[in-house]
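Structure first, commentary second.
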Amino acid sequence: PRQPAKTLWYDRPRYVFLEFCVEDSRDVQVSIEEQRLVFSCRNADGVQFYNEIELYARVNSKDSQEKRSDRSITCFVRKWKEKVAWPRITKENIKPAWLSVDFDNWRDWEGDEEVERAMVEQYAEV
């Protein structure tokens, strides 16, 4: 049986960030389409995780990446329309139980593009 991974997300001027909280993930697969993200993996115990998100708005799948760590898999997804705030990550105005806002990383955008660029570059180097 598959189960959804606990997922945190936050919004930035050019990207939305999603963090799938699975420790010791294996067989990670992330598929980013124009308006959909599909995530799957297993953990060390062989539990299968699967999340499918119909995204709030169009994204640029070619300029999106993911980064795996011991604790989670972070995806940064390039927005099609930059500098347009996403009030939510899902197309439908419903909030699945496994999805929440990452308040630690959520903040106003004013003058935030430098911070965002630095974050993306830092991820890209790993």
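Bear in mind these aren't lab numbers, they're just calculated from the coordinates by the rules spelled out. What you see is a predicted model; the values in this text were computed from it and never measured. Don't worry about glycine lacking a Cβ; one is built from the backbone with ideal geometry, like all the others, and counts go over all protein chains shown.
Observations, loosely collected:
- From the C-alpha gyration tensor of the chain, square roots of 5λ in Å: 23, 16, 13
- Using θ = phi - 60° in the Karplus curve 6.51 cos²θ - 1.76 cosθ + 1.60, the 3J(HN,Hα) couplings for the range 3-20 round to 9, x, 7, 4, 10, 10, 9, 8, 10, 9, x, 10, 10, 10, 10, 10, 10, 9 Hz; x is entered for Gly and Pro.
- 3J(HN,Hα) couplings calculated from phi for the range 114-121 with the Karplus curve 6.51 cos²θ - 1.76 cosθ + 1.60 (θ = phi - 60°) are, in sequence order, 4, 4, 4, 4, 4, 5, 5, 5 Hz; Gly and Pro show x.
- Residue-count net charge about Arg68 - beta-carbon cut-off 12 Å; Lys, Arg +1, Asp, Glu -1: -3
- Across the range 73-82, rounded Karplus estimates of 3J(HN,Hα) from the backbone phi angles (6.51 cos²θ - 1.76 cosθ + 1.60, θ = phi - 60°) give 10, 9, 10, 10, 10, 6, 6, 6, 9, 6 Hz, Gly and Pro being marked x.
- Take every Cα pair under 8 Å whose residues are at least 6 apart in sequence, average their separation, divide by the length of the range 2-125, and the relative contact order is 30 percent.
- Taking amide H positions as modeled 1.01 Å from N, with prolines and chain starts lacking one, the residues under 5 Å from Ser64 and 5 or more places away or on another chain are Arg78.
- Local electrostatic count, Lys6, Cβ distance below 12 Å [Lys/Arg +1, Asp/Glu -1]: -2
- Backbone N under 16 Å from the Ala44 label point (7 Å along Cα→Cβ), restricted to the range 66-84: 69-73
- Within the chain, the longest run free of GluC sites (Glu not before Pro) that sit in a DSSP loop with at most 10 other Cβ atoms within 10 Å is 1-91.
- For the pair Arg58 and Arg107, label points projected 7 Å from Cα toward Cβ lie 3.2 nm apart.
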